[in-house]
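The values are calculated or read from the model by the stated rules, or taken from the named source; none is laboratory data. Nothing here was measured: the structure is a model prediction, and the numbers come from that model. Here the Cβ is made from the backbone with ideal geometry for all residues, glycine too, and neighbour counts use every protein chain on show. Areas reflect the complete protein model, heavy atoms only, side chains present, ligands, DNA and RNA absent. Shrake-Rupley method; radii C 1.70, N 1.55, O 1.52, S 1.80 Å.
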Amino acid sequence: MFIGRSYADAIRPSSVRELQRAHERGAHIVLVDPRCNNSITFADEWVPIRPGADLQLIMSMMYVMLDEDLVDWDFVKEHTVAPFLVKDADGLFLRMSDLGVEPTEGPVDPTTGKPTVVDPYAVWDEAAGTAAELSTVAAPALEGAFDVEGTPVHTAFSLLKDEIMKYAPAQASQMCDVPEDVIVELAHLACDGPVTHRVG
């Protein structure tokens with residue numbers, strides 16, 4: 001799926017050849033762009049969108065994924081920042097140094113010649129009912145608001161979900177000029193994997 005990028009009009013002919021070969025082998029290619037550009041020659045579908053409204057479309061696709069429970073929750077917990085705690089006061093991730101744990105020295109950074117600083121992120125340990133270092137928690141909370149030693153925090157996923165909920169397909173369709181049913185179709189395509197998104 002391309003969003004706001006035309007490889008056929010770019011200066012990367014190797015990418016065009018790769019995409020043409022993928023299409024010949026059965027890849028379903030969707031072009032999301034205000035213009036029907038030259039990439040349409042190897043796309044199965046063109047989805048015109050209001051210029052600058054890519055974010056609204058993507059957020060609405062995520063709305064559908066949450067609403068229909070199409071999310072790979074294990075992946076989200078293990079490979080994203082979703083469970084990280086975010087301080088309400090400044091929007092920064094809560095680190096163990098915020099809880100009085102001194103940072104340690106890590107490997108030497110070859111670009112500076114100095115040791116790196118290891119200051120782990122904190123997550124909410126549901127079993128213990130407390131904030132803890134990410135690597136020590138088997139099942140961190142994915143959603144919620146907590147008080148960590150007087151510091152109000154939310155999980156990163158909770159903050160993202162609050163934003164996503166503003167983009168139901170009916171509302172997002174008016175913002176991005178993509179029909180509701182097409183937004184739902186794109187969300188399903190994105191979850192039917194394997195899939196690659198090339199956003200430009």
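So if the hydrodynamic radius of segment 91-189 is defined as the Kirkwood radius over C-alpha pairs, what does Stokes-Einstein give as its diffusion coefficient at 10 °C and 1.306 mPa s, in µm² per second?
Reported coefficient: 95 µm²/s.
Order 109-121, 149-161 from most to least packed using the mean count of other Cβ atoms within 10 Å.
Result, highest mean first: 149-161, 109-121.
Give the average over all directions of the projected area of the C-alpha convex hull of segment 118-173, one decimal, in nm².
For the Cα atoms of segment 118-173, the hull's average projected area reads 5.3 nm².
Give the Rg (one decimal place) followed by the Dmax (whole number) of segment 50-123, computed from C-alpha coordinates and expressed in Å.
Here Rg and the maximum Cα pair distance are 18.0, 49 Å.
Once the dipole of the chain is set up with Lys and Arg at +1 and Asp and Glu at -1 on Cβ about the Cα centre, which of L134, H188, G150 lies farthest towards its positive end?
My answer, from the dipole projection, is H188.
Give the accessible surface of the chain per residue, rounded to a whole number of Å², with probe radius 1.4 Å and ligands, DNA and RNA excluded.
Accessible area per residue: 57 Å².
When only Cα pairs under 8 Å and 6 or more residues apart are kept, what is the percent relative contact order across segment 49-200?
Once divided by the residue count of segment 49-200, the mean separation gives 31 percent.
State to the nearest 20 debye the size of the charge dipole of the chain about its Cα centre, where the only charges are +1 on K and R beta carbons and -1 on D and E beta carbons.
1000
Ignoring any ligand, DNA or RNA, what whole percent of the accessible area of segment 139-200 comes from carbon and sulfur when the probe is 1.4 angstrom?
It is 54 percent, rounded to a whole number.
Please list the three semi-axes, largest first and in whole Å, of the ellipsoid equivalent to segment 47-90, using sqrt of 5 times the eigenvalues of its alpha carbon gyration tensor.
25, 17, 9
Could you give each residue of segment 21-29 its phi-based ³J(HN,Hα) in whole Hz, using Karplus coefficients 6.51, -1.76, 1.60 with θ = phi - 60°, and x for Gly or Pro?
5, 4, 5, 4, 8, x, 5, 8, 10
Suppose the Debye formula is applied to equal point scatterers at every Cα of segment 154-200; what is log10 I(q)/I(0) at q = 0.14, 0.17, 0.23 Å⁻¹?
-0.46, -0.67, -0.98
Quote the charge dipole size of segment 95-137 about the Cα centre in Debye, to the nearest 20; the model charges only the Cβ of Lys and Arg (+1) and of Asp and Glu (-1). Let's see the in-between values first.
Values: 2 positive and 8 negative charges, 28 e Å.
The calculation lands at about 140 debye.
Which value in deg cm²/dmol, rounded to the nearest 500, describes the helix-derived mean residue ellipticity at 222 nm for the chain, given -39,500 (n - 2.57) per DSSP H run of n ≥ 4 and division by the residue count?
One gets -9000 deg cm²/dmol as the mean residue ellipticity at 222 nm.
Quick one: what do you get for the chain if you divide its Cα Rg by 2.2 N^0.38 Å?
That works out to 1.28 for the chain.
Can you classify segment 16-82 as rounded, prolate or oblate using the Cα gyration tensor, where a ≥ b ≥ c are the square roots of its eigenvalues, rounded means a/c under 1.5, and otherwise it's prolate if a/b beats b/c and oblate if not?
Because a/c hits 1.5 or more and a/b fails to exceed b/c, segment 16-82 counts as oblate.
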